[in-house]
């Protein structure tokens with residue numbers, strides 16, 4: 001008898017192995033089809049195509065199919081082929097590898113369909129598409145990331161929504177680096193871009209402006225942010241806050257006036273969305289990020305952008321007041337006061353414009369009955385006067401003092417007492433910003449006494 005024993009027994013063994021491998025293949029396909037369909041329903045239908053094109057998936061399923069076919073071919077071979085030691089050893093090794101890799105394959109599948117993994121894949125695909133110049137693929141990836149974020153917001157799954165927002169932001173950052181050296185066609189609107197829903201409704205003049213500035217991808221991403229903001233407030237404030245943070249970071253990327261203007265327009269739209277949603281807390285945080293952007297303009301010496309930002313602060317503060325959210329006017333005044341502080345640290349850069357806007361912040365409503373809501377604006381003006389006096393800018397402090405003299409002494413006394421007794425720099429409730437608007441630093445208390453004397457004893 002040969003070393004392999006009975007040939008009929010070997011044939012039966014090989015044939016049985018083909019059935020086992022075929023059963024494994026059926027189980028793998030069933031499980032994969034089920035979980036991929038669930039993931040596609042939850043996040044994006046494009047997950048299916050991503051999975052089918054994944055090289056690792058193709059390799060393993062190909063291994064199972066190849067192993068099954070090999071077992072079948074060996075089973076139908078004649079006894080002389082079966083009798084070869086190499087054939088039996090090779091078949092056994094391949095079957096063993098297919099079995100051993102089954103559990104790691106399932107682990108990889110579940111890792112592949114995890115939301116964060118899918119988001120990374122869309123981001124990387126869009127990045128490769130930028131390098132290849134495939135704008136259709138970029139637009140599709142942006143739309144998919146938006147859909148994932150919007151679906152996550154609807155399910156209150158803030159982690160996935162925030163990861164999608166970060167991915168969209170990262171795409172802009174990568175595009176800013178990769179678009180250098182692209183030819184003029186890269187920024188031209190062709191039929192594919194013009195039929196995209198985010199550009200379809202735009203006027204030709206707006207499209208021409210975007211084309212001239214070379215910001216079609218940035219506009220596309222910001223349109224997703226603008227669509228996410230209304231659905232994020234007030235129930236998913238973390239997502240709204242992250243959109244504001246990332247918009248500021250994008251505006252600070254480089255010295256690009258067009259990109260800064262685009263970011264500011266988006267900030268304005270965010271503010272209107274949160275005011276319309278009657279969510280002053282989100283608006284409060286948006287003003288904070290907008291003010292940080294203003295401080296960046298101070299650093300860069302960008303007076304034109306800062307002029308516009310200050311004007312928008314006053315406009316949206318008053319818009320909040322008109323929408324029965326008077327606290328927002330106080331927030332705008334406080335942030336303008338903080339910009340005055342930053343201006344003093346930058347050698348009085350743009351101080352006059354900031355100061356005049358703060359003086360005029362509440363002029364329109366001083367004669368109305370809701371005076372109590374304007375106390376916060378007056379408080380910001382008093383703190384600004386103290387800061388200016390402390391910085392030896394008494395002539396600018398006198399501008400505020402002269403305006404404060406038109407206020408009723410009773411209300412001013414109330415504000416002065418509050419500033420004197422408040423010793424908590426942080427607000428006594430937990431908030432995103434944490435600042436206590438009624439707090440005056442100890443080193444400014446002496447200037448407060450001088451302001452009190454100048455206003456009340458005039």
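Things worth noting here:
- Among (1) over 17 Å from residue 336 (Cβ atoms); (2) in contact (Cβ under 8 Å) with a residue 60 or more places away in the chain - the single one residue 385 does not satisfy: (1)
- Residue in the range 368-376 that is within 35 Å of the chain's Cα centre (by Cα), surrounded by 18 or more Cβ atoms within 10 Å (Cβ to Cβ), at pLDDT below 85 and closer than 23 Å to residue 298 by Cβ present: no
- Of everything listed in (1) under 22 Å from residue 160 (Cβ atoms); (2) within 16 Å of the chain's Cα centre (by Cα); (3) assigned by TED's automatic domain parsing to the domain that holds residue 160, the single unmet condition for residue 271 is (1).
- Only one entry in 240, 258, 251 is in contact with a helix residue (DSSP H, G or I) (Cβ under 7 Å, 6 or more places away or on another chain) and surrounded by fewer than 21 Cβ atoms within 10 Å (Cβ to Cβ), namely 258.
- In the range 389-411, of all residues being assigned to a loop (DSSP other than H, G, I, E, B) and modelled with pLDDT under 90, the one that is surrounded by the most Cβ atoms within 10 Å (Cβ to Cβ) corresponds to 407.
The values are calculated or read from the model by the stated rules, or taken from the named source; none is laboratory data. These figures come from a predicted structure and were not determined experimentally. For neighbour counting, all protein chains shown are included, and Cβ atoms are generated from backbone atoms with ideal geometry for every residue, glycine included.
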